[in-house]
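Trainee: Got a structure here, written out as structure tokens. Questions coming.
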Amino acid sequence: MEKILVSACLLGAEVRYDGKHNLIDHPVIARWKQEGRLVALCPEVLGGLPTPRPPAEVQSRFPLLVTSRDGEDFTPQFLSGAEQASDIARAQGCCCALMKARSPSCGNRSSYDGSFTGRLISSPGVTANELIREGTPVFNEEEIEQLISFIESREQHLDAEPDRLRYATCD
């Protein structure tokens, strides 16, 4: 059974910067949760940030700088959360991740540009970037069908693996 790292806010945990959640209402996600496949976490909370907290955006990638609108530096917390999330994914054997789109931590395709104007850029969030760098496929809540296909494909491959090995050794 494949495990999936998931942004906790997508499962209803009130860990967003504003103390709210982004609950996904999808039957497959609900089934996976019931089966114990989902490993939920919030990288920002793991990194030590409170809930609620000021909104943050990535100001610079090289060197990394993540700040609030008022300039408070959250870089250490974002880096710590990303490292811990990566460690948890590895320890739990997660094959992929389902993360919150456009989040400065979890966005896999885009994140806000640092101006706090709502403008998006094609750049992943800090945690998503770390997971991708380590080879973990990252999906967002707008890509659930792709995630389902990915998991089904992996499971079909894994189910076929014992037969392939058995036939390979019978020659």
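Trainee: Can you tell me the length gained on complete extension of the stretch Ser153 to Ile121, counting 0.36 nm per residue apart and subtracting the Cα distance? Walk me through the numbers on the way to the answer.
Mentor: On the way: separation 32, 0.36 × 32 = 11.52 nm, distance 3.06 nm.
Difference between extended and current length: 8.5 nm.
Trainee: Expressed as a whole percent, how much of the Cα-Cα distance distribution for the chain exceeds 21 Å? Provide the component values of the computation, followed by the final result.
Mentor: Values: 6929 of 14535 pairs.
I get 48 percent for the Cα pairs in the chain exceeding 21 Å.
Trainee: Hey, how many Å between the Cα centroid of the stretch 122-137 and the Cα centroid of the stretch 139-161?
Mentor: 18
Trainee: If you average 1/r over all unlike Cα pairs in the stretch 1-96 and invert the result, what Kirkwood radius do you get in angstrom?
Mentor: After inverting the mean inverse Cα-Cα distance, the result is 14.3 Å.
Trainee: Hey, another quick one. Please report the antiparallel percentage of the DSSP beta bridges confined to the chain, to the nearest 5.
Mentor: 40
Trainee: Under a 5 Å amide H to amide H cut-off, with H placed in plane at 1.01 Å, what residues pair with Val6 once short-range neighbours are removed?
Mentor: Val39, Ala40, Leu41, Leu98
Trainee: Efficiency by 1/(1 + (r/R0)^6): what FRET value for Arg31 and Glu134, r their Cβ-Cβ distance, R0 = 22 Å, to the nearest 0.05?
Mentor: E(calc), rounded to 0.05, equals 0.20.
Trainee: Still on this structure, please answer the following. Considering the dipole of the chain built from charges on the beta carbon (Lys and Arg +1, Asp and Glu -1) around the Cα centre, which of Thr136, Gln156, Val66 is farthest to its positive end?
Mentor: Value computed over the given set: Val66.
Trainee: Then there's this: If I model a spin label at Arg102 and Leu64 as a point 7 Å from the Cα along the Cα→Cβ vector, what separation in nanometres do I get?
Mentor: Each label point is offset 7 Å from its Cα along the Cβ direction, giving 2.3 nm.
Trainee: How high is the relative contact order of the chain, in percent, counting Cα pairs under 8 Å that sit 6 or more residues apart? Intermediate values should be presented prior to the final figure.
Mentor: Numbers: 310 pairs, mean separation 34.6, N = 171.
That works out to 20 percent.
Trainee: While we're looking at this one, here's another question. Order of 97-106, 128-137 by packing, highest average Cβ count within 10 Å first?
Mentor: Working: 97-106: 26.1, 128-137: 17.3.
Highest to lowest by the protection proxy: 97-106, 128-137.
Trainee: With θ set to phi - 60°, apply the Karplus curve 6.51 cos²θ - 1.76 cosθ + 1.60 along the stretch 130-140 and write out the HN-Hα couplings as whole Hz, x wherever there is a Gly or Pro.
Mentor: Each residue of the stretch 130-140 in turn: 5, 4, 4, 4, 8, x, 8, x, 10, 10, 10 Hz.
Trainee: For a quick check: with amide H placed at 1.01 Å from N, whose amide H comes under 5 Å from Arg102's, ignoring anything fewer than 5 positions away on the same chain?
Mentor: Gly107, Asn108, Arg109, Ser110
Trainee: For the stretch 1-45, just say rounded, prolate or oblate: build the C-alpha gyration tensor, square-root its eigenvalues into a ≥ b ≥ c, call rounded for a/c under 1.5, and beyond that prolate if a/b exceeds b/c, oblate if not.
Mentor: oblate
Trainee: Something else: Per the helix-only calculation at 222 nm, which mean residue ellipticity applies to the chain, given -39500 (n - 2.57) for every DSSP H run of n ≥ 4 and division by its residues, nearest 500 deg cm²/dmol?
Mentor: On the way: 5 runs with 64 residues, N = 171.
It lands at -12000 deg cm²/dmol.
Values quoted throughout were computed directly from the atomic coordinates according to the rules given, and no laboratory measurement underlies them. Here the structure is a predicted model, which means the values were calculated and not measured. Note: ideal-geometry Cβ built from the backbone for every residue, glycine included; neighbour counts use all protein chains shown.
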